[in-house]
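Down below is the structure, laid out as structure tokens.
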Amino acid sequence: MNPYLVKDILEATPQQLVIKLYDLALISCKKEDLRKTNSAIQALSNALNFADENAAEISAGLLRLYKFCQDQMRQGNYNIVIRILSELRDGWITAFSNN
């Protein structure tokens, strides 16, 4: 493994890790790499917070979007997935910068 990448990941904030997962998903999708894209989307799904009552509804909506993206990847609809993930990534960047 690249030691600089490992250091970057280990020192990243939770918010930075979310953006890195979106970046990985987008890069993999653009390369039409189903396995890596689905792995990144699955990691985003696993990070959702259903325990917090205030976050549960948003998490449920994101989970539906992530599952839709995985289905679209399997069907080869890469542009749809790229558009959705790009918009979600941009939304998170905006939300994180407002905190």
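Read-outs: derived from the displayed coordinates by stated rules, not from any lab. Everything numeric in this text was worked out from a predicted model, so none of it was measured. Every residue, glycine among them, receives a Cβ derived from its backbone with ideal geometry; neighbour counts consider all protein chains shown.
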Gain on full stretching of the segment that runs from LYS30 to TYR4 - 0.36 nm per residue minus C-alpha separation: 7.0 nm
Along the three principal axes, how long is segment 13-93 when you take its alpha carbons, biggest first, rounded to the nearest angstrom? 36, 25, 19
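Write out the chymotrypsin sites (Phe, Trp or Tyr not before Pro) in segment 1-90 meeting two conditions: DSSP loop, and at most 13 other Cβ atoms within 10 Å of their Cβ. Walk me through the numbers on the way to the answer.
On the way: sites: TYR4, TYR22, PHE50, TYR66, PHE68, TYR78; in loops: PHE50.
Passing both the DSSP loop test and the Cβ count: PHE50.
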Given the options GLU32, GLU11, GLU87, state which has the largest fluctuation in a GNM of the chain using a 10 Å cut-off (strictly under) for Cα springs. GLU11
